[in-house]
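The values are calculated or read from the model by the stated rules, or taken from the named source; none is laboratory data. Please read all numbers here as calculations on a predicted model, not as lab measurements. For neighbour counting, all protein chains shown are included, and Cβ atoms are generated from backbone atoms with ideal geometry for every residue, glycine included.
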């Protein structure tokens, strides 16, 4: 997943590199591991912009911190809102924001009509996303979508501009990172 996230955020990573700012994506595995690593990073590197990014898993009606506290429950009382983000409802929702990238990756047999067209993809349920990807990829040479086999590569192929248009939480993440880079440049 790190390679996919690195590719997705490559514009911001290049901007950071040009400013001689350290920008690292650290993939932590399971969501509880991500939470644990995030809390440790906040204690060990309090001056860094440490960010927790996990799947929402369930519909979101509160802030990300409130959602995670209620769902998991994690103690994020020391975290700020600009440190906690959700892949709403799941990472695969990000993938379906760019049907062109999916079609190019899967090739012949890809069923574009199965991909949700909702303007705000975060209003789509996890089960809708999973079934749409299964239906869209069923007849392709690569076969039905698999997170481990396809997810990382696909994440690096989607257009972040299309993702920002349809995923407000990703847009919020992008804008936070961009603003932090602008702030550090001054």
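Among the residues of segment 11-33, write down those that are without any contact (Cβ under 8 Å) to a residue 24 or more places away in the chain and either closer than 11 Å to residue 152 by Cα or assigned to a helix (DSSP H, G or I) (or both).
If the condition is that a residue be without any contact (Cβ under 8 Å) to a residue 24 or more places away in the chain and either closer than 11 Å to residue 152 by Cα or assigned to a helix (DSSP H, G or I) (or both), then 13, 14, 17, 18, 33 are the ones that fit.
Among the numbered criteria (1) touching a strand residue (DSSP E or B) at 6+ places or on another chain (Cβ under 6 Å); (2) at pLDDT below 95, which one does residue 46 miss?
For residue 46, the exception is condition (1).
Could you please let me know if residue 60 is within 21 Å of residue 152 (Cα to Cα), touching a residue at least 12 places away in the same chain (Cβ under 8 Å) and touching a helix residue (DSSP H, G or I) at 6+ places or on another chain (Cβ under 6 Å)?
no
Condition check: crowded, with 21+ Cβ neighbours inside 10 Å, closer than 30 Å to residue 136 by Cβ and touching a residue at least 24 places away in the same chain (Cβ under 8 Å). Does residue 92 satisfy that?
yes
Of the residues that make up segment 68-80, is at least one in contact with a helix residue (DSSP H, G or I) (Cβ under 6 Å, 6 or more places away or on another chain) and under 23 Å from residue 166 (Cβ atoms)?
no
Please find, within segment 81-102, the residue that is nearest to residue 152 (Cα to Cα) out of those that are modelled with pLDDT under 95 and in a loop (DSSP other than H, G, I, E, B).
90
For every residue, the table says whether it meets (1) touching a helix residue (DSSP H, G or I) at 6+ places or on another chain (Cβ under 6 Å); (2) surrounded by fewer than 17 Cβ atoms within 10 Å (Cβ to Cβ).
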{"residue": "8", "(1), (2)": "yes, no"}
{"residue": "14", "(1), (2)": "no, yes"}
{"residue": "43", "(1), (2)": "no, yes"}
{"residue": "47", "(1), (2)": "no, yes"}
{"residue": "53", "(1), (2)": "no, no"}
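So, in segment 1-10, exactly how many residues are within 17 Å of residue 182 (Cα to Cα) and assigned to a loop (DSSP other than H, G, I, E, B)?
The total comes to 1.
Are any residues in segment 64-89 under 16 Å from residue 170 (Cβ atoms) and surrounded by fewer than 16 Cβ atoms within 10 Å (Cβ to Cβ), and if so, which ones?
81, 82
For segment 103-185, list the helices (runs of 4 or more DSSP H) that sit wholly inside it and hold at least 1 residues that are free of Cβ contacts under 8 Å to residues at least 24 places away in the same chain and either in contact with a helix residue (DSSP H, G or I) (Cβ under 9 Å, 6 or more places away or on another chain) or within 18 Å of residue 8 (Cα to Cα) (or both); which are they?
By residue number, 126-137, 160-166, 168-185.
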